[in-house]
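The values are calculated or read from the model by the stated rules, or taken from the named source; none is laboratory data. Worth saying up front: this structure is predicted, and the values here are computed from it rather than measured. When we count neighbours, we look across all protein chains shown, and the Cβ atoms used for this are built from the backbone with ideal geometry, even at glycine. What goes into the accessible areas is simple: the full protein's heavy atoms, side chains included, and nothing from ligands, DNA or RNA. Shrake-Rupley method; radii C 1.70, N 1.55, O 1.52, S 1.80 Å.
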Amino acid sequence: MALVPALLLGALSVLVMLPAAQHLRALRDGERTQATLQTGGSCMMGRCRVGFEAAGRTVVADLPVGSGGGKDSVGTRLTVRYRADDPRVAAREDDVDGGGAAVLAVASGAGALLLLVMSVLAAIALGRQRRAGSLTGRASQDAHP
């Protein structure tokens, strides 16, 4: 029963959070500028937008999955890093070390391992219980012919 959540947590870690953390790290050397939070909400889920000036034009960029700052209110000023060749790819400077995505990748991976170990231990215990039950059943049949 714990195998399904273990697989889901493992998939979340490997398929979503690790790539998100790598994407955030890729912006470490990006251009640095001040931005304004345009839309708030669940930044960790990639639902926040920031506005800033880049190459003489105003850019509105979506913050990537794994970004922090979800408790900041609209209008909050923050520092972002963006790609010079595509300013719409941006991240909060506080997140370019991997941010919450790295933490969630580790946490969901650890949770997946814990649930996997619990599944294996439960399967071993169930197997031993069945084997002990079948041996007890045979012993009672042998005692009463």
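With the structure loaded, tell me whether ASP95 is free of Cβ contacts under 8 Å to residues at least 24 places away in the same chain and of a type in the set (D, E, K, R) or whether it fails that test.
Against the criterion (free of Cβ contacts under 8 Å to residues at least 24 places away in the same chain and of a type in the set (D, E, K, R)), ASP95 does not qualify.
Taking region 7-29, which residues are surrounded by fewer than 20 Cβ atoms within 10 Å (Cβ to Cβ) and small (Gly, Ala, Ser)? Outline the logic, then answer.
Initial filter on region 7-29 (surrounded by fewer than 20 Cβ atoms within 10 Å (Cβ to Cβ)): 7-8, 10-12, 14-16, 19, 22-23, 25-26, 28-29.
GLY10, ALA11, ALA26, listed by residue number.
Out of the residues in region 23-76 that are without any contact (Cβ under 8 Å) to a residue 24 or more places away in the chain and assigned to a helix (DSSP H, G or I), state the one that is nearest to GLU93 (Cα to Cα).
Filtering first and then ranking leaves ALA26.
Within region 62-76, can you find the residues that are open to solvent by less than 50 Å² (accessible area, probe 1.4 Å) and either within 20 Å of ALA21 (Cβ to Cβ) or of a type in the set (A, V, I, L, M, F, W, C) (or both)? So that I can check it myself, show each step before the final result.
As a first pass, look at region 62-76 and keep what is open to solvent by less than 50 Å² (accessible area, probe 1.4 Å): 63-64, 66-70, 75-76.
Result: LEU63, PRO64, GLY66, SER67, GLY68, GLY69, GLY70.
When the residues of region 77-98 are filtered to those that are basic (Lys, Arg) and outside any loop (DSSP other than H, G, I, E, B), which remaining residue is surrounded by the most Cβ atoms within 10 Å (Cβ to Cβ)?
Among residues in region 77-98 that are basic (Lys, Arg) and outside any loop (DSSP other than H, G, I, E, B), the one surrounded by the most Cβ atoms within 10 Å (Cβ to Cβ) is ARG92.
Return yes when VAL59 is open to solvent by 20 Å² or more (accessible area, probe 1.4 Å) and either among the aliphatic types (A, V, I, L, M) or touching a Cys at 6+ places or on another chain (Cβ under 8 Å) (or both) and no when it is not.
On the way: open to solvent by 20 Å² or more (accessible area, probe 1.4 Å): no; either among the aliphatic types (A, V, I, L, M) or touching a Cys at 6+ places or on another chain (Cβ under 8 Å) (or both): yes.
No, not satisfied.
Quick one: would you say SER42 is open to solvent by less than 80 Å² (accessible area, probe 1.4 Å), among the hydroxyl-bearing types (Ser, Thr, Tyr), more than 30 Å from VAL120 (Cα to Cα) and out of contact with any Cys (no Cβ under 6 Å at 6 or more places or on another chain)? So that I can check it myself, show each step before the final result.
Values: open to solvent by less than 80 Å² (accessible area, probe 1.4 Å): yes; among the hydroxyl-bearing types (Ser, Thr, Tyr): yes; more than 30 Å from VAL120 (Cα to Cα): yes; out of contact with any Cys (no Cβ under 6 Å at 6 or more places or on another chain): yes.
So SER42 passes the test.
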